Amino acid sequence: MSYATEGTSPPVNTPSQAGQVEGGRWEQVRFEELSKTPIGVPRIEEPRTTSKPAEGSHPKRRLERRQQLEHHLKESPTDLDGFMELGRIYRADDRPLEAKRIFEKARQIFPEEQELLWEYEEAVLARSLQQYREVSDLAARLDTLETERELKRSQNDWARRRIEVCRARLTRDPSLLHLKIALAEAMYDAEMHEDAITTLDQILDQDELSPIAYLIKGRCLLASGNHLQAMVALRAVAMRRAVVAPLNTRIIALKLLCETAEKVGVALTLAKYQQHLAQAERELAQDIATSK
């Protein structure tokens, strides 16, 4: 919800909520949204190449181009560029299942092409996301046991697909440390809390990633019932001076700290967190007012 990128693929970004998604690409979750559910829901992202997937963005032109390419590839089944363009057109048309079919067929001919593998993985993710969104929409209209089960299944599938892709890309390039954040998010969604914590512990010493890593770790610990350990992780987000977390991220951590302190009954500590939270919220209000 980032992507889960390879070394030559685009940098990790942030998503919006599911209802705002307009397409099939996925990105890493915006950490300011970590207090909301579901985690890891992506938004559309521009293609990572400069080539256009079709002759303009008009649906009719894309349809014509799709038909041309489908016919062309039957006669020239070794045209890698043709496969890439056709698959990207299907992605642009929010048809990830067809894109997956095209990229999968191309991979049988070009098994070593890394860019093709990346596009195939994106299509797999987009299809899983599409199914999740469809079931979410259905569940919002029909409150039945069947839709509830199907929603849980699609949520689990979306988490599993992200885990698979992140792991595969990290295996290909272990230097992509930001993917450990996306991987941990997916593990959190899959209720693999211990695995997520193990993954996050590997990047806690990375200043750029550590505030987010500590925040997800805190949430995992809370979900596991380890409230005191969770408060240690959340304080590393909200109150650490050596690495100052983004303001919105600090606010989320402080809110969780207040909730947890109240739950475990530490009144003095709760008052301290409430003061810090009030100050952070004032700063956020000032930032918003200034930006208008």
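Every number in this text was worked out from the coordinates using simple rules, so none of it is lab data. A quick note: this is a predicted structure, and the numbers were derived from the prediction, not measured. Virtual Cβ from ideal backbone geometry, glycine too; neighbours counted across all protein chains shown.
Does ALA253 count as over 17 Å from ILE163 (Cβ atoms), buried (at least 21 other Cβ atoms within 10 Å of the Cβ) and not hydroxyl-bearing (Ser, Thr, Tyr)?
It is true that ALA253 is over 17 Å from ILE163 (Cβ atoms), buried (at least 21 other Cβ atoms within 10 Å of the Cβ) and not hydroxyl-bearing (Ser, Thr, Tyr).
Being over 29 Å from the mean Cα position of the chain (by Cα) and of a type in the set (Asp, Glu) is the filter here, so list the residues in the stretch 254-291 that pass it.
GLU262 - this is the single residue of the stretch 254-291 that is over 29 Å from the mean Cα position of the chain (by Cα) and of a type in the set (Asp, Glu).
Residue-by-condition table, conditions (1) farther than 24 Å from MET239 by Cα; (2) surrounded by 15 or more Cβ atoms within 10 Å (Cβ to Cβ); (3) free of Cβ contacts under 8 Å to residues at least 12 places away in the same chain:
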position: GLU119; (1), (2), (3): yes, yes, no
position: LEU145; (1), (2), (3): yes, no, yes
position: ARG161; (1), (2), (3): yes, yes, no
position: LEU179; (1), (2), (3): yes, yes, no
position: THR199; (1), (2), (3): no, yes, no
position: GLN202; (1), (2), (3): no, no, no
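Can we say ARG241 is touching a residue at least 24 places away in the same chain (Cβ under 8 Å) and farther than 23 Å from LYS263 by Cα?
no
Pull out all pairs, ordered by first then second residue, where Cβ-Cβ is under 8 Å, the residues are six or more apart or on different chains, the first lies in the stretch 263-278 and is under 21 Å from ASN226 (Cα atoms), and the second is of a type in the set (A, V, I, L, M, F, W, C) and surrounded by fewer than 11 Cβ atoms within 10 Å (Cβ to Cβ).
Sorted first by the residue in the stretch 263-278, then by its partner, the pairs are VAL264/LEU228.
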